[in-house]
1. Of all residues in segment 3-15 being surrounded by 14 or more Cβ atoms within 10 Å (Cβ to Cβ) and over 11 Å from the mean Cα position of the chain (by Cα), which is modelled with the highest pLDDT?
2. For the condition assigned to a loop (DSSP other than H, G, I, E, B) and either modelled with pLDDT of 75 or more or within 13 Å of ligand 2 (Cβ to nearest atom) (or both), what is the one hit in ALA18, ALA35?
3. Give the residues of segment 21-32 that are modelled with pLDDT of 80 or more and in contact with a helix residue (DSSP H, G or I) (Cβ under 6 Å, 6 or more places away or on another chain), sorted by residue number.
4. Are any of the residues in segment 45-59 closer than 29 Å to VAL2 by Cβ, modelled with pLDDT under 95 and surrounded by 14 or more Cβ atoms within 10 Å (Cβ to Cβ)?
5. Would you confirm whether any residue within segment 60-68 is surrounded by 14 or more Cβ atoms within 10 Å (Cβ to Cβ), among the hydrophobic types (A, V, I, L, M, F, W, C), at pLDDT 90 or above and in contact with a helix residue (DSSP H, G or I) (Cβ under 6 Å, 6 or more places away or on another chain)?
Amino acid sequence: MVKKTVIKVDYSKCHSKANTDPRDCRKCLLICDPAIFLMHPTLEDDHPDPHNPEIWRIDPIWLSKCTGCMKCVEACPEQAITVIPGTSLHEMKAR
Ligand code: SF4
Ligand code: SF4
């Protein structure tokens, strides 16, 4: 049975320091070899101010490419990322 990978980002921790902007950190984004994270502004406002750090998010998007290496978990200075590995593409191709 194929198990889906679960990756969660706790945004209260990612933005834990006053005026923290995830664009200044990006450690998870840079260390992930399969590049599963996407940085984007939230779409809650019709005209979000791109200079407001509060609107920026790092989201895990391409979950099926995650290898479960845990580099993002280890690299995050705020312990904001949880990864529960499922069945990776590498394992599926090996079957
Ligand atoms: S566990 Fe590894 S492959 Fe998966 S999101 Fe984190 S850094 Fe990327
Ligand atoms: S490494 Fe952690 S604190 Fe830095 S942008 Fe990613 S989730 Fe946010």
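1. Ranking the qualifying residues of segment 3-15, first place goes to THR5.
2. ALA35
3. Result: PRO22, LYS27, CYS28, ILE31, CYS32.
4. yes
5. no
The values are calculated or read from the model by the stated rules, or taken from the named source; none is laboratory data. All values reported here derive from a predicted model rather than from experimental measurement. A quick note on method: Cβ atoms are made from the backbone with ideal geometry, for glycine too, and the neighbour counts reach across all protein chains shown.
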